[in-house]
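Working notes for the structure below.
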Amino acid sequence: MFSAFSSIDYQSIRAKTPAETAVKRLNGIGEVLSGLDISSIHTQDEMARALWTLDTADKCIRMILTEFRTERTRDVVREAKSLIDLIELARDEISDYRDGGRVLS
């Protein structure tokens, strides 16, 4: 389960600048989120798991922005904003699934 995160940390160590480290970490979050398939949500448990994943990713992004607050570059801000926007879009899609009755009780 944690092997995906260990490779992210290894890549971060090899970064040349703090901003590059932040971008690599954000890219790692994006990779994890890319495995989230909203169309495969059929139960309340799957919906809860997807929402938990999105919430956790959002918190991680905000932690990275806090940790690298003095090294924020356009690349860091752009990547973080892009991920946060995608998380919001995914939440909206999940809400549409729930409201449309596509998620089983």
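Let me check the size of the stretch 19-105 from its C-alpha atoms; what are the radius of gyration and Dmax in Å?
Radius of gyration, then largest Cα-Cα span, for the stretch 19-105: 14.5, 46 Å.
Checking the cross-link filter: which lysines have an alpha carbon closer than 21 Å to that of K81, excluding same-chain neighbours under 8 positions apart?
Answer for K81, where 21 Å is the Cα cut-off: K24, K59, listed by chain and number.
FYI, it's all coordinate maths here, none of it is from the lab. In this text, all values refer to a predicted model and were calculated from it rather than measured experimentally.
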